[in-house]
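Comments concern the structure below.
The values are calculated or read from the model by the stated rules, or taken from the named source; none is laboratory data. The structure presented is a predicted model; accordingly, all values stated were derived computationally and were not measured. FYI the Cβ positions are ideal-geometry reconstructions off the backbone, even for glycines, and counts take in every protein chain you see. Areas reflect the complete protein model, heavy atoms only, side chains present, ligands, DNA and RNA absent. Shrake-Rupley method; radii C 1.70, N 1.55, O 1.52, S 1.80 Å.
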Amino acid sequence: MGCCAGAVVLAGAPRLAIVILLIFTDRLTVAFESFWFGLIGFLLLPFTTVFFALAYSEADGGVTGIGWVFVVIGLLLDLSSYGSGGYSRQQRDRVAA
């Protein structure tokens with residue numbers, strides 16, 4: 001149940017997922033060397049930040065293998081959210097004109 005609830009929170013609100021990870025786990029402090037990397041990720045690339053933190057493995061020394069696939073998926077989700085916002089704004093302006 002916890003995994004499914006986490007997936008729903010991540011899909012709807014990646015920044016909320018980051019806050020939950022920060023409060024209840026040490027994944028963010030393990031994955032990011034600096035507070036600033038986490039903060040920039042929180043502000044600009046929230047999906048990528050969550051996927052990177054979840055895919056990071058201390059034992060392997062970072063993100064390896066299939067973890068990179070998930071990080072790239074997170075990056076594509078972030079980029080698509082920026083692109084869809086611009087597209088919807090453009091469509092709204094066309095209708096208003």
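Values computed for the structure shown
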| item | result |
| --- | --- |
| Matching residues in the range 38-76 - criterion: being of a type in the set (A, V, I, L, M) and over 21 Å from residue 22 (Cα atoms) | 66, 69, 72, 73, 76 |
| Qualifying positions in the range 47-83 - charged (D, E, K, R) and under 19 Å from residue 34 (Cβ atoms) | 58 |
| Only listed residue being open to solvent by 30 Å² or more (accessible area, probe 1.4 Å), at pLDDT below 85 and β-branched (Val, Ile, Thr), chosen from 9, 72 | 9 |
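Here's the yes/no breakdown for (1) open to solvent by 60 Å² or more (accessible area, probe 1.4 Å); (2) more than 19 Å from residue 73 (Cα to Cα); (3) at pLDDT 90 or above:
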{"residue": "24", "(1), (2), (3)": "yes, yes, yes"}
{"residue": "28", "(1), (2), (3)": "no, no, no"}
{"residue": "36", "(1), (2), (3)": "yes, yes, yes"}
{"residue": "40", "(1), (2), (3)": "yes, no, yes"}
{"residue": "44", "(1), (2), (3)": "yes, no, yes"}
{"residue": "48", "(1), (2), (3)": "no, no, yes"}
{"residue": "51", "(1), (2), (3)": "no, no, yes"}
{"residue": "54", "(1), (2), (3)": "yes, no, no"}
{"residue": "58", "(1), (2), (3)": "yes, yes, no"}
